[in-house]
Amino acid sequence: MKPWAPHLRLAVLAVLASLSATPVFAQGDTTREITNIAGDLYRFQHNFHYSVFLVTLNGIIATDPITPDAARWLKSELASRFKQPVKYVIYSHHHADHVSGGDVFADTAIFVGHENMVAAAAEQGAAEVRAPDIVYSDTMKVTLGGKTVELHYVGKNHSDNMTVVRFPDEKTVFTVDFVSANRLPYRTLGDTYYPDLITSIKAVEAMDFEIVAPGHGALGTREDMKNHRQYHEDLTSAVQAQIDAGKTVEDAKAAIKLDKYKDWGSYDAWLGENVEGAFRILSGGS
């Protein structure tokens, strides 16, 4: 991979630093916002959750509908701002906090997800998650209005049915729950697979992209993705050393500091829980 040209690096950093955003909608404890990422690709925020959507001449390709309330707000905004219906909804994975709003778009959209998503959603008891109409196994392309979006299954990471969505023209990948930018993974690493997660991040790193759009937190760059992968490598190495030495989880939480990441978001709040989760997984727990 060749280094970015200086002008391209500056352009991407400018996008990440100051996107052209709509006014933030806030009511009570709810915050919603639509922000342009690049070209016709936009990011939708609903509190601490994010999805993305691509506007085409023949309709909109959306990703996670988040919750019913979030989806209803987004549907109204899309109709008023872009005058286009949602024709496809691409699910990242089965967790209801990201995809329970699907029914809101059922009047116009086809729903797409990984083949493992159907059983996983049923097992978690998420009856409110609308099943995908189309499933795929390894890769798939969705084409609409002259634009093509790629779906990639890169193995287990945060679930066994995660879809990475790549937008080739916008040089952006949508990655939910298993990659974040300058922030620790969420708490005790629920539904996480090691070492599969590290392998899957490497698979995404091999793709052609410049911007990372996570399901939580700030946009990032290729470097942020590499750093997040290295965090998991450092975390699992440190925890495995504690396990091999016969230490308890409390011993591990007291000993492991990973100071390299002390300036990351949620370091103080979540490092101990990350250690606890990694200890559980590497010890054979789920």
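What aspartates and glutamates sit close enough to residue 257 to cross-link, taking a C-alpha to C-alpha distance under 15 Å and skipping anything fewer than 8 places away on the same chain?
Cross-link targets: 233, 234, 268, 273, 276.
At 1.4 Å probe size, with every protein chain present, just tell me what the per residue accessible area of the chain comes to in Å².
Working: 12630 Å² over 286 residues.
On a per-residue basis, the chain sits at 44 Å².
Among 197, 71, 57, pick out the residue whose Cα is farthest towards the positive end of the charge dipole of the chain, where Lys and Arg carry +1 and Asp and Glu carry -1 on C-beta, about the Cα centre.
57
So what is log10(I(q)/I(0)) for the range 141-226 at q = 0.12, 0.15, 0.17 1/Å, when the Debye sum runs over its Cα atoms only?
For the range 141-226 at q = 0.12, 0.15, 0.17 Å⁻¹, log10 I(q)/I(0) is -0.33, -0.52, -0.66.
Tell me, what ³J(HN,Hα) does each residue in the range 218-225 have, in order and in whole Hz, if you take phi through Karplus 6.51 cos²θ - 1.76 cosθ + 1.60 with θ = phi - 60° and put x for Gly and Pro?
Once θ is set to phi - 60°, the couplings for the range 218-225 become 6, 4, x, 10, 4, 4, 4, 5 Hz.
Taking the alpha-carbon set of the range 26-144, what are its Rg and Dmax in Å?
13.7, 42
Of all accessible surface on the range 88-195 at a 1.4 Å probe, what whole percent is carbon and sulfur?
47 percent
For the chain, find the longest principal axis of its Cα atoms and tell me its angle to the long axis of helix 267-282, 0 to 90°, nearest 10.
Taking Cα atoms only, the helix is inclined about 80 degrees.
Expressed as a whole number of Å, what is the distance separating the alpha-carbon centroids of the range 88-166 and the range 247-286?
Here the two parts' Cα centres lie 31 Å apart.
Under 15 Å from the Cβ of residue 109, count the other residues' Cβ atoms, weight Lys and Arg +1, Asp and Glu -1, and hand me the total.
Working: positive: 72, 75, 87, 130; negative: 64, 103, 107, 133.
Taking every Cβ under 15 Å from that of residue 109, the sum is 0.
Within the range 230-274, what whole-number % of the accessible surface is contributed by carbon and sulfur, with the 1.4 Å probe and all protein chains included in the calculation? The partial results should precede the final answer.
Numbers: 1100 of 2420 Å².
Percent of accessible area from carbon and sulfur atoms in the range 230-274: 45.
How much net charge surrounds residue 193 when only other residues with a Cβ under 11 Å from its Cβ are counted (Lys, Arg +1; Asp, Glu -1)? The partial results should precede the final answer.
Details: positive: 156; negative: 160, 191, 196.
After counting each charged neighbour, the total is -2.
List, in order, the whole-Hz ³J(HN,Hα) value for each residue of the range 107-121 obtained from phi through the Karplus relation with A = 6.51, B = -1.76, C = 1.60 and θ = phi - 60°; use x for Gly and Pro.
6, 10, 10, 9, 9, 10, x, 5, 4, 6, 5, 4, 5, 5, 5
Given only helices, namely DSSP H runs of n ≥ 4 each adding -39500 (n - 2.57), what is the per-residue ellipticity at 222 nm of the chain, to the nearest 500 deg cm²/dmol?
Result for the chain, helices only: -10000 deg cm²/dmol.
Would you kindly work out the equivalent ellipsoid of the chain from its C-alpha gyration tensor and give its semi-axes, the square roots of five times the eigenvalues, largest first in whole Å? Kindly include the intermediate steps, with their values, before the conclusion.
Details: eigenvalues 202, 94, 65 Å².
For the chain, the semi-axes come out at 32, 22, 18 Å.
Holding the Cα-Cα limit at 19 Å, pick out from 226/260; 202/262; 171/226; 87/141; 141/171; 87/156 the pairs that are longer than that.
Where the Cα-Cα span goes over 19 Å, the pairs concerned are 202/262; 87/156.
What longest range of the chain stays clear of loop-exposed trypsin sites (Lys or Arg not before Pro) (DSSP non-H/G/I/E/B, at most 11 other C-beta within 10 angstrom)?
Counting at most 11 other Cβ atoms within 10 Å as exposed, the longest clean stretch of the chain is 84-261.
What is the sum of charges around residue 43, taking Lys and Arg as +1, Asp and Glu as -1, for the other residues whose C-beta is under 13 Å from the C-beta of residue 43?
Its environment carries a net charge of -4.
The values are calculated or read from the model by the stated rules, or taken from the named source; none is laboratory data. Just so we're clear, the structure is a prediction, and the values are computed from it rather than from any experiment. With ideal geometry, Cβ positions are generated from the backbone for all residues, glycine too; neighbour counts draw on all protein chains shown. Surface areas here come from the heavy atoms of the whole protein model, side chains and all, with no ligands, DNA or RNA. Shrake-Rupley method; radii C 1.70, N 1.55, O 1.52, S 1.80 Å.
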